[in-house]
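None of the figures in this text is laboratory data; all of them are computed from the coordinates on show. Since the model is a prediction, treat every value here as computed from it, not as a measurement. Reconstructed Cβ throughout: ideal geometry from the backbone, glycine too, with neighbour counts over all protein chains shown.
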Amino acid sequence: MARLTTNEFVKSHALGNDYIVLDGSQLSFPLTPEAVRTICDSHFGIGSDGILLLVPAASADFGVRIFNPDGGEAEKSGNGIRILAKFLWDHGYAPRPDFTISTLGGRVRARLDVEEGRVRTITADMGRATFVSEEIPVAGPRREVVGEPLVVDGERLTVTCVSVGNPHCVILADTLDEARVRRLGPKIEHHPSFPKRINVQFATVLARDRVAIMIWERGAGWTLASGTSSCGVVSACVKNGLTDRRVTVQSPGGELTVAVAENWDLTLTGPVSEIGRGALSADLVEEWTR
């Protein structure tokens, strides 16, 4: 398939976590926060969980800026990286199925499993997990944030916080309750302990090699699946001695596989599906350029 032309987009999803891909060199307008919010809106725009903007990179084969639907910018997205990787291969940007992508949260490598011209799964090297408070960041003295108490809405939670290039707060639970995640998620995201806000995951360990999660994503809200959330949860489970180092993560949208090396380097493997290709209309672009 050909590369994108002026104001064209591709929309794809990874386990129901959907992103719009834009080529920054082909946009006739600046991608402002207002433009992001409009494009991501399901009523006034296309509707999505975020935007992936392809940009040049000095230290990688490709670069990407990742925007949340609230107009804010994210450091990293595991599903977003895999969506972009499939896009780059399918639309003729990448000459080989193994390349690097620069993100605000660090450089990652993507490796595509291609059979008969079709991308089946994508594996991304997601960087290294850290539990150190100032590297996440979490307020307070420098420490590893593992099994700490956090009071939210009058409820005492036990949390493990980790950065995998972006910040995550993991709450281990006996069972998962969507209503509880939706109620506590935004309050944890905006808790004063987290100066840059935080992604929130509730997780249940099902076996040494399997966990189930529900996600409240910073700047996006309730989300069917998340690659970095999956990496954060498995890292937290390994740190707490609850799982092995290769784990299948079961989310409402489907399953991903996360591997945690002894040095805490992370790899993420899972599928991506393209939904369609189109162009932003002059009427839509005029909303924020007039």
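Couple of notes before you dig in:
- At 1.306 mPa s and 10 °C, Stokes diffusion of the stretch 188-259 via Kirkwood alpha-carbon radius, µm² per second: 129
- Most positive-pole-ward Cα, 121, 158, 201, against dipole of the chain from beta carbon charges: 158
- In a simple Cβ point-charge model (Lys, Arg +1; Asp, Glu -1; nothing else charged), the stretch 130-263 has a dipole of about 140 debye relative to its Cα centre.
- Taking 0.36 nm per residue of separation and subtracting the Cα-Cα distance, full extension of the segment from residue 2 to residue 104 would add 34.0 nm.
- When 126, 1 are sorted by how many other C-beta atoms sit within 10 angstrom of their C-beta, beginning with the fewest, the order is 1, 126.
- Screening the chain for whole DSSP H helices of 15 Å or more along their axis (Cα) with average Kyte-Doolittle hydropathy at least 0.0 returns 78-90, 227-239.
- Added length on full extension, which subtracts the Cα-Cα distance from 0.36 nm per residue, residue 32 to residue 120: 28.3 nm
- This model, with +1 at the C-beta of Lys and Arg and -1 at the C-beta of Asp and Glu, gives the chain a dipole about its Cα centre of some 460 debye.
- Between residue 240 and residue 287, the simple spin-label model (points 7 angstrom out along Cα→Cβ) gives 4.0 nm.
- For the stretch 42-150, the equivalent ellipsoid derived from the Cα gyration tensor has semi-axes of 29, 19, 13 Å, listed largest first.
- For the stretch 131-290, radius of gyration divided by Kirkwood radius, i.e. Rg to Rh on alpha-carbons: 1.04
- Computed Rg/Rh of the stretch 76-209, alpha carbon atoms with Kirkwood Rh: 1.06
- Along the axis of the charge dipole computed for the chain (Cβ charges of +1 for Lys and Arg, -1 for Asp and Glu, origin at the Cα centre), the listed residues 272, 19, 140 are led at the positive end by 140.
- Against the compact-protein benchmark of 2.2 N^0.38 Å, the Cα-based radius of gyration of the stretch 99-148 scales to 1.72.
- Exposure proxy shown here: for 96, 218, the number of other Cβ atoms within 10 Å sets the order, fewest to most, as 96, 218.
- Counting Cα-Cα pairs of the chain in 5 Å increments starting at 0 gives whole-percent bin shares of 1, 6, 13, 17, 19, 17, 12, 8, 5, 2, 0, 0.
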